[in-house]
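Coordinate-derived values only; no laboratory data. As the structure is a prediction and not an experimental result, all values here were calculated from the model. Glycine gets a Cβ as well: all are built from the backbone with ideal geometry, and neighbour counts include every protein chain shown.
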Amino acid sequence: MRWVLASGGAVALEAKLGASDAGATRTHVLGHAEFVLPSLEQVIAQTIALGRLTNPAIRCVGISLNTAKLDAAAAQREFDRVEQRLTLPVADPMRGGPAFERLLDACMS
């Protein structure tokens, strides 16, 4: 999990798909089978809670997914599913395209 900070205290999350996400390719922390990956909602809530310690204006503005193990059609379905569920822009920066442009715009707003 990596946090990408943007202007105005906005945060975009970059994540491998978690155990509770339908397109998951990993369900546990690498090298630690006893640790199940949290859902995106859990990661967002925890990131915001921790971020508020130093920035009360922190907010999540988008999700960056690592879809390297998915073909283009499956990746797009996953973007659409997560975007609908979280009502945030979703993209894989390595794929670029309109979804990534929306994510960048959200980070800069």
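With R₀ fixed at 22 Å, the C-beta to C-beta distance from GLU101 to THR47 puts the FRET efficiency at about 0.40.
Taking a ≥ b ≥ c as the square roots of the eigenvalues of the Cα gyration tensor, an a/c ratio of 1.5 or more together with a/b no larger than b/c marks segment 31-109 as oblate.
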